[in-house]
Amino acid sequence: MIRLAWKISVLYAAFLVPFVAADDLPPYNCDAVFKFEGQFEKIVALIPYHVYPIYTLCTNVQFAKEYQAAMALYEQAASDPVCARMNFKRSQVNLIDMMHDQLVSLWSTANCQDCLDRANETREFLAHFDELDKCLTKHLLSPCDPCAESYGSIQGQYEELVRGHKDTICVDVEDRMNQTRHRWSAEFNCCRNRQHSTTTFVVIASVFCSLPVVFYVVMYGVMRAKEARERSREPLLDDSSRDVPAGSGSGSGAELVAGS
């Protein structure tokens, strides 16, 4: 439906020039407008083929070429006074400007210029992506260990691209990285950071849970040792208590014998 609506707008825009006689304008052939409309239709026709299963829009040579050609034709038509009056200033509803704004919005929202400005880095990232994709396909059942190095490479390359360009990263790069992370962690469960975090959590939780048990064991040992020391002292106290009365009785008997 959207594609049909865009085609209708293109056809409607093509009808603008034949009605210029009502404005009493001199005969004038504005080829740039017609060529711009043709470029617009070419770009719209390309879009469905470069958004699934992954975005290849900005890195597609033909798309970038058609977009740049459309912008050049628009500037050419807008800079011509007669052509501008025939097509840009006839009414408040300016279909040529609307078509131009749609193309600019698509290009800027997808951050396609970033792919062109950093073409070498983008090509390197795409090469790492293709390498990882081949590895995942080859080791489909268990790719975590065989493909770990390839995943690390694409992750490092992506971080380099994002550094300083977080909000302007090209959609082709962004989409590839999002899909790669999803497959690596959700589909293949190869997210090693998550595994390490889980292991660390289990170890720490086990240590904290064992602390009360250790505390009670230590306290039990201390109490038993204290009781043992107390028991070891009891016989000594009993012997001393028995010796004192015996000594006192014998001494009294000796004094009685001496007195008698």
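Every read-out reported here was derived from the displayed coordinates using simple, explicitly stated rules and does not represent laboratory data. Quick caveat, the model's predicted, so the values are computed rather than measured. Note: ideal-geometry Cβ built from the backbone for every residue, glycine included; neighbour counts use all protein chains shown.
What is the magnitude of the charge dipole of segment 28-127 about its Cα centre, with +1 placed on the Cβ of each Lys and Arg, -1 on the Cβ of each Asp and Glu, and no other charges, expressed in debye to the nearest 20? Let's see the in-between values first.
Working: 8 positive and 12 negative charges, 43 e Å.
Magnitude of the dipole: close to 200 debye.
Under the 0.36 nm per residue contour assumption, what length would be gained going from the current alpha-carbon distance of Thr137 and Asp101 to full extension?
Numbers: separation 36, 0.36 × 36 = 12.96 nm, distance 4.09 nm.
Length gained between Thr137 and Asp101: 8.9 nm.
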Point to revise | segment 156-172 - phi-based ³J(HN,Hα) in whole Hz, Karplus 6.51/-1.76/1.60, Gly and Pro as x | key: x, 5, 5, 4, 5, 5, 6, 4, x, 9, 4, 9, 10, 6, 4, 5, 5
Check your understanding: Say each of Gln113 and Val51 gets a label point 7 Å from the Cα, pointing the same way as Cα to Cβ; how far apart are those two points in nm?
Key -> 2.2 nm
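Please identify the trypsin sites (Lys or Arg not before Pro) of segment 102-170 that satisfy two criteria: DSSP loop assignment and at most 11 other Cβ atoms within 10 Å. Which are they? Mind dumping the intermediate values first?
Values: sites: Arg118, Arg123, Lys134, Lys138, Arg163, Lys166; in loops: Arg118, Arg163, Lys166.
Counting only loop positions with at most 11 other Cβ atoms within 10 Å, the trypsin sites (Lys or Arg not before Pro) in segment 102-170 are Arg163, Lys166.
Counting alpha carbon pairs within less than 8 Å and at least 6 residues apart, what relative contact order, in whole percent, applies to segment 48-173?
Values: 79 pairs, mean separation 39.5, N = 126.
Relative contact order comes out at 31 percent.
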Point to revise | Relative contact order, percent, segment 107-172 [alpha-carbon distance under 8 Å, six or more residues apart] | key: 48 percent
Check your understanding: Of all the C-alpha pairs in segment 83-164, what % are more than 21 Å from each other?
Key -> 55 percent
